[in-house]
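Chemist: Structure provided below as structure tokens; questions to follow.
The values are calculated or read from the model by the stated rules, or taken from the named source; none is laboratory data. Please read all numbers here as calculations on a predicted model, not as lab measurements. All Cβ positions, even for glycine, are placed from backbone atoms using ideal geometry, and neighbour counts span all protein chains on display. The accessibility values were calculated without ligands, DNA or RNA, using every heavy atom of the protein model including side chains. Shrake-Rupley method; radii C 1.70, N 1.55, O 1.52, S 1.80 Å.
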Amino acid sequence: MADSNELKLDFTLKELTVSCPAEDDVPGSSSTVKLRDNRLVCVEYPAVINSVPKMLETLGGEQGVSKTFAHPNRRLELRFRPQDPFCHSLCGNRFPSSNLLLRVRRRVRKKDPKDAEIHMDVIGVIGTTYKFQGLADFQCLAVHSEGGKDMSLYDKIILRKTENQEFFEQPMPFFLPPAIFSRLDSPVDYFYRPDIHQKSVTALQMPLNKKNFIGLNRARRPHNAIFVSFSDATVPSECLEPARLNWARVCLKESDKEAEEHLKKMFESRPIWSRNAVKANINIHPDKLKLLLPVFAYYMVTGPWRSLWVRLGFDPRKSAESKKYQILDFRIRCSTKHGYSLSDMPVKAKRSALNYSLPITFNKAGPQPASVMDLPAQEGPSSSRDTTPITYQLKESSYIFREGMLPPHRQMFYQLCDLDVESIKEVIEQNCGNEQICNERDGWCVVGTTDKLRDMISAMIKKVIREQKPAMPELPKRTRRKGANLKSSVRDVDAEEPEEEDGENEEDDDDEFQPSEGSENEMETEILDYM
């Protein structure tokens, strides 16, 4: 029963030779095969392959290829010398495809060449193809040339085992690898033209082609957001006219108009919002949200409302009611005293320096024609299929904190009104009605409130983690040992001692957490979206 439902394809194979007319069919040239639903990935390898294992090693192995395939925007890296740390990678772009992988076998009788038999089998459908279209770029070899002879330096500069002091004091030829290779791996039209901002007569007489011009800085993004610092005397009351025009240009669908009206009501009911809070309360594409936010709000760069969007015309420094909208830069503290170590962090990092990728490893190829596999199936007039609507909304936990929950990221930017804990609200409102001065660090709150709130949230997170994890075994009391390699183990032992016995541990642990006055992570990322 299952075989009858399988798709079948009819293929006709023709031999085009000088001796054989093109219009004549070769006997045994047609075959009917079953179409298997095996999804395959094709890599157009830019070299002759003699060994498949060595070829996979240059691509990072099956694990490396699978990891690259899991990220649609990543390029496939190829290193012809995978064991050489100085080998510059060749990157392949990812393209959608709808090809078939066929295995064709043709058997011909020696006595009668016209008596041929073809066996054809479809291995699967190739939905993704990696093509290496760029240049191999520069290659750097750790080689020293002297007296007409080349001497390899790999054994002298690469540490393969623990070495003694003599290894580092041995004489070495002068070798410096390049700090960076070419930023581009594909040829571009580049002309030595003057700066676009140059006001000389030559620059005015010669029109510049912005498409091929390479400037010192990237072009400013036309999002037209207004940035305000805590020290600025006034705040803007109206948005920039280009911001209004940019939004009118992209506001074409009915859903866009509904999102505009919804965001307007949000700022009327609450004058200050974080971007995560906006994303959790409105369903709109992130690129369109970048154009819509500057229409209704300006961006605070410094002060207790930094990294927040404030309604145009509203100055939170003049109203004590704005205290509940202040920002709290909270970062999860990492210590065995809190029930976990760095390797056992309950919340994974959003970004990791260990997984850093160079800009050339991201696929920036132009749009490709739609694949046949991506086209929707044809349906009759009587049949209709509801497409699943795309949602861009974030979860509530992205901006709200409640007792008994873990933050989704190690660093969070909470507004005080989104800290849904009664004990925290009592600390925030301890000077309610007596606010006099708006401090740049603590805003309308009592001085030191932000530090106290961080301690309270850390204690709540510590309680949740210790409830979820089994009881940690008791460790012996610390012993004084010499040697830098034992410092980490001694610190772990100290953290597990009872707090009553060593009151200084609490202060030492607090010294490990140094919150910044500004936020270098999310805030700068958001600012760069508008620069």
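Chemist: Could you do me a favour and compute the accessible area per residue for segment 242-330, 1.4 Å probe, result in Å²?
Modeler: Result: 40 Å² of accessible area for each residue.
Chemist: When ranked by the protection proxy of mean other Cβ atoms within 10 Å per residue, highest first, what sequence do the peptides 461-468, 162-169 form?
Modeler: Ranking the peptides 461-468, 162-169 by packing returns 461-468, 162-169.
Chemist: Counting Lys +1, Arg +1, Asp -1, Glu -1, what net charge surrounds MET172 among other residues with beta carbon under 14 Å of its beta carbon?
Modeler: -4
Chemist: Once the other residues with Cβ under 10 Å from the Cβ of GLY404 are scored (Lys, Arg +1; Asp, Glu -1), what is the net sum?
Modeler: Around GLY404, the surrounding residues sum to 0.
Chemist: Shifting gears a bit: Taking the Cβ-Cβ separation of LYS54 and SER182 as r and a Förster radius of 30 Å, what is the calculated FRET efficiency to the nearest 0.05?
Modeler: 0.70
Chemist: Right, something else. With a 1.4 Å probe and every protein chain left in place, tell me how much accessible area ILE332 has, in Å² to the nearest 10.
Modeler: 20
Chemist: Here are some pairs, LYS34/LYS114; LYS67/LYS279; LYS257/LYS290; LYS279/LYS462; LYS67/LYS288; which of them have Cα atoms lying more than 19 Å apart in this structure?
Modeler: LYS34/LYS114; LYS67/LYS279; LYS279/LYS462; LYS67/LYS288
Chemist: Taking every eigenvalue of the Cα gyration tensor of segment 32-195, multiplying by 5 and rooting it, what semi-axes result, largest first, whole Å?
Modeler: Listed largest to smallest, the semi-axes of segment 32-195 are 44, 23, 18 Å.
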